[in-house]
Amino acid sequence: TDRLRGKRALITAAGQGIGRATAEMFIAEGAEVFATDVNADLLAGLDCETFAMDVRDDASVVAGVGRANPTVLFNCAGFVHHGNVQAATDAEWDMGFDLNVKSMFRTIRAVLPGMLANGGGSIINMSSACSSIIGAPNRFIYGATKAAVIGLTKSIAVDYIKQGIRCNAICPGTVESPSWHDRVRKLGEEMGSYDAALEAFVARQPMGRVARATEIAALVTYLASDESGFTTGHPHIIDGGWSGQ
Ligand code: NAD
């Protein structure tokens, strides 16, 4: 219960899903947590400092980072675009890259001065198994953005390794979350059956189930803690065997 004692952790998209599960685990492990989301209402009930932060808005990011001055940053915010290349529009591409990738440029450049002054820090970026690791149907924009996150992560890791800053990416398979439930419902409408859609999602996971958000939060906690002190610059795959067969 003390694995993150002394850490100041800023989390984006902490209102629900993996971000919220991670905020709860960080609090339980003794971190001082700053849980943020574009929708501040979703942060109700978290036992830590909470405030609105929109990762698509640089002024909002700069203000939030100024308030937290974190030694741990979990870039969790992201959006799943559904469709292949022919279904994607320029506006959707730009929105996907802004929310899933450029958001991390904004937060990381804002946190670095404080982390460098502190003598180090840990940055964890949300990628996905669906990225440079594996292709998934109808994840054209999404897969491209999450592959970009891995490149961004490696670049930060190599540039700041001598200054004590570690930067890792995490690559989950399918995880139960509010937006995942929406995706199942939508695919269910397309397929004419909710159960068939659910089966299709579960079928991607050789374990025969999707992940719980807490299982992903455990990996983020490890990467935030000093236990992972020799680890930087890597995509950490946690996908129920999806890409490992
Ligand atoms: P979710 O999609 O249910 O919730 C997303 C949260 O992001 C919401 O609380 C929303 O308010 C917030 N958000 C949206 N725009 C924002 C912005 N501009 N600034 C700040 N916050 C914003 O949660 P999830 O499914 O756990 O997904 C979280 C992350 O994990 C995403 O990056 C997603 O791509 C990634 N991921 C999810 C899965 C999955 O199967 N659920 C798998 C791999 C990766």
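No value in this document is a laboratory result; all are computed from the given coordinates. Bear in mind that the values here come from a model prediction, so they are computed numbers and not experimental data. Cβ sites come from the backbone with ideal geometry, for glycine too, and all protein chains shown count toward neighbours.
Rounded to the nearest 20, the size of the Cβ-charge dipole of region 91-179 about its Cα centre is 300 debye, with Lys and Arg at +1 and Asp and Glu at -1.
In this label model, Ile161 and Glu189 are separated by 4.8 nm, measuring between points 7 Å along each Cα→Cβ vector. For chymotrypsin sites (Phe, Trp or Tyr not before Pro), the sites in region 162-245 that DSSP calls loop and that have at most 13 other Cβ atoms within 10 Å are Phe230. Evaluated with a Cβ-only charge set (Lys, Arg +1; Asp, Glu -1), the chain carries a dipole of roughly 620 debye about its Cα centre, given to the nearest 20. If you count Lys pairs in the chain whose Cα atoms are under 23 Å apart, skipping same-chain pairs closer than 8 places in sequence, the total is 7. Based on C-alpha pairs under 8 angstrom that are at least 6 apart in sequence, the chain has a relative contact order of 20 percent. Counting only DSSP H runs of at least 4 residues, each contributing -39500 (n - 2.57), and dividing by the residue count of the chain, the helix-based mean residue ellipticity at 222 nm comes to -13500 deg cm²/dmol. The amide H of Ile165, built 1.01 Å from its N in the peptide plane, has Gly121 as neighbours under 5 Å, considering only residues 5 or more places off or on other chains. In loop segments of region 140-245 as defined by DSSP, the trypsin sites (Lys or Arg not before Pro) with at most 15 further C-beta atoms inside 10 Å of their C-beta are Arg209, Arg212. In the elastic network of the chain, a GNM with C-alpha springs shorter than 10 Å, the most mobile of Ala213, Ala129, Ala91 is Ala91. Taking 7 Å steps out from each Cα toward its Cβ at Asp90 and Asp226 produces label points 5.2 nm apart. The residues packed around Ala136, meaning those with a beta-carbon under 12 Å from its beta-carbon, carry a net charge of +3 if Lys and Arg are +1 and Asp and Glu are -1. Comparing Gly114, Pro137, Ala148 along the charge dipole axis of region 83-155, the residue lying farthest to the positive side is Gly114, per the Cβ-charge model. With the Cα gyration tensor of region 138-195 giving a ≥ b ≥ c as the square roots of its eigenvalues, does the rule (a/c under 1.5 for rounded; else a/b larger than b/c for prolate; else oblate) give rounded, prolate or oblate? Prolate, because a/c is 1.5 or more and a/b exceeds b/c. Relative to the longest principal axis of the Cα atoms of the chain, the long axis of helix 103-118 lies at roughly 20 degrees.
Where in region 1-32 are there trypsin sites (Lys or Arg not before Pro) that are in a DSSP coil and have at most 15 other Cβ atoms within 10 angstrom of their Cβ?
The qualifying sites are Arg5.
Taking Cα atoms only, the orientation of helix 17-28 departs from the longest principal axis of the chain by about 30 degrees. Fully extending the segment from His181 to Val62, taken as 0.36 nm per residue of separation minus the present Cα-Cα distance, adds 39.6 nm. For the chain, the longest principal axis of the Cα atoms and the long axis of helix 194-203 meet at an angle of about 60 degrees.
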